[in-house]
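Peer 1: Okay, handing you the structure first.
Quick note: the coordinates plus some simple rules give every number you see, no bench work behind them. Everything numeric in this text was worked out from a predicted model, so none of it was measured. No Cβ is skipped: glycine too gets one built from the backbone with ideal geometry, and neighbour counts run over all protein chains shown.
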Amino acid sequence: MSPLMIGLLVVISTIGILATGIPVAFGLGLVAMTFLVIFEGFEALDVVADLFFGGIAEFSLVSIPMFIVMGAAVASSPAGKDLYVALDRWLHRLPGGLIISNIGACAVFAALSGSSPATCAAIGKMGIPEMRKRGYPDGLAAGSIAAGGTLGILIPPSITMIVYGIATETSIGRLFLAGIVPGLMLMTLFMTWSLYTAKRHGYKFGQKDKGFSMREKLEVLPRVLPFLAIIVGVLFVLYGGVATPSEAAGVGAMMVLVLIAVVYKVWQPKKIWAIISDSMRESVMILMIIAASALFSYTLSSLYVTQSVAQSIVEMDANPWVLMLMINLFLLVAGFFLPPVAVILMTAPILLPIIIQSGFDPYWFAVILTINMEIGLITPPVGLNLYVINGIAPDIPLTTILKGALPFMLCMVLGIIILSIFPDIVTWLPNLVMGAPIG
């Protein structure tokens, strides 16, 4: 049987297994071991333990649980509420200040927590009722929060970028920098569309409520600024060469735990244990997927599937942009059904040599891939953010939430097009701070 035919069987089998609802790590491991046994015999299983251990025996992986602890600590505190209140008070007099506040709060909280569902829950509980009370359309109120929550996997520190960096052996610091400007660009596109559609539906951006005094504006800042300072500090020590990503994540996690204890009095052992246990559960899930993907990648390589796919695509001699369009469509469909971490670990090692061979920048591709994963977070059938919003506002039908999120998906597609025309939007900041990559 040819390697390409084996690869097709692997794809069909993987889709079938994961469609049963089995955890992604177990599904990938099962498929990998089954094909190893079928084509190489039971003696091939001797390498399974080493591959599993080797997949997670990397110091940089320590940053993942640390950033997860950092996000869980922020999500467990009223930081999201205070962030929303602070932005609302400071942007109160701007036309459409409320919608700008909501999307801005989503972007900042997503960067703090690194979790799209947590962002939707934290900001949505405050923002959606307030927008509806002030007359914003239900679809816009729900869709803007669902889309805003996705920014967390692009704006650093991003777990998705860390996983991509480990899977492709690229610089995590450079990946973080690469996500900043595109993340701000998407946030601006979201805000622009929100203001346009609200005005189109007849919403008047008049000042209906009383303004806030300077004292009211300042009183909330001491509870918000320390968290933002931690993010800035983590990025500073990372790019300043003071610490590795793992060290920066560890210090950041400890500082956030101290802050929620000091600012919000979250110091009780039961609450701290809840944060640690939730973080441990999510960290183990991600690390298991990473370990299983190492075995999965080994199987594809051992059966010469990866090499054959790459060689076949190169031999097609297709226009690089046609190839990129095909890859984007593939990633988009994969993101409909699988979580971002799984898609990256399964596809990035295969796609990266093809991307480089076609003349594309690997860091630019990381951003394109991540935006595709963002679209998957607000797209059925798995679109997790849609269901989180539906849980917050159950009287808003899921179809209304989906219709409200659809224009933001198109904003992301527009973002991909813009980045394709102007790739320097991605590469400018990393090259400015860290210099042009060698080779």
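Peer 1: Given the options 227, 336, 42, which has the most mean-square fluctuation in a GNM of the chain, springs set between C-alpha atoms less than 10 angstrom apart?
Peer 2: Evaluated over the chain, the most mobile residue of the options is 42.
Peer 1: When a footprinting reagent is the concern and you count Cβ atoms within 10 Å, what order do 273, 428, 90 take, fewest first?
Peer 2: 273, 428, 90
Peer 1: On full extension of the chain, what length is gained from residue 38 through residue 125, given 0.36 nm per residue of separation minus the C-alpha to C-alpha distance?
Peer 2: Stretched out fully, the residue 38 to residue 125 stretch lengthens by 26.2 nm.
Peer 1: Also, I was wondering about something else. List the DSSP H helices in the chain whose Cα atoms stretch 30 Å or more along the helix axis and whose mean Kyte-Doolittle hydropathy is at least 0.5.
Peer 2: Passing helices, by number: 172-200, 269-302, 398-421.
Peer 1: On full extension of the chain, what length is gained from residue 62 through residue 8, given 0.36 nm per residue of separation minus the C-alpha to C-alpha distance?
Peer 2: Using 0.36 nm per residue and subtracting the Cα-Cα distance, I get 16.0 nm.
Peer 1: Quick one: order 284, 237 by neighbouring beta-carbon count within 10 Å, fewest to most.
Peer 2: Taking fewest neighbouring Cβ atoms as first place, the list is 284, 237.
Peer 1: List the relative contact order of region 83-181 as a percent without decimals, with contacts defined as Cα pairs under 8 Å and 6+ residues apart.
Peer 2: 26
Peer 1: At residue 277 and residue 19, where each label point lies 7 Å from the Cα along Cα→Cβ, what is the point-to-point distance in nanometres?
Peer 2: Spacing of the two 7 Å Cα→Cβ label points: 3.7 nm.
Peer 1: If one computes the Cα centroid of region 294-362 and of region 39-97, what distance in Å separates the two points?
Peer 2: Measuring centre to centre over Cα atoms gives 24 Å.
Peer 1: Follow-up. Given the -39500 (n - 2.57) contribution per DSSP H run of 4+ residues, what per-residue ellipticity at 222 nm results for the chain, rounded to the nearest 500 deg cm²/dmol?
Peer 2: -25500 deg cm²/dmol, from helical runs alone.
Peer 1: Out of these labelled values of Cα extents along the principal axes in Å, (i) 74, 49, 46; (ii) 77, 52, 51; (iii) 79, 52, 44, which was calculated from the coordinates shown here?
Peer 2: Matching the structure shown: (i).
Peer 1: Next question, about the same structure. Using Cβ counts within 10 Å as a stand-in for footprinting exposure, how do 37, 309 rank, fewest first?
Peer 2: By the 10 Å Cβ count, ascending: 37, 309.
Peer 1: Please identify, among 236, 67, 52, the residue showing maximal mean-square fluctuation in a Gaussian network model of the chain using a 10 angstrom Cα cutoff.
Peer 2: Taking springs between Cα atoms under 10 Å, the residue moving most is 236.
Peer 1: Most fluctuating residue of 403, 270, 125 in a GNM of the chain with Cα springs under 10 Å: which is it?
Peer 2: 270
Peer 1: Then there's this: Take every Cα pair under 8 Å in the chain that's 6+ residues apart, average their separations, divide by the length, and report that relative contact order as a whole percent.
Peer 2: After rounding, I find 26 percent.
Peer 1: Now a separate question. Decide, for region 44-166, between rounded, prolate and oblate: order the square roots of the alpha carbon gyration tensor eigenvalues as a ≥ b ≥ c, take rounded if a/c falls under 1.5, and otherwise choose prolate if a/b is larger than b/c, else oblate.
Peer 2: Prolate, since a/c reaches 1.5 and a/b exceeds b/c.
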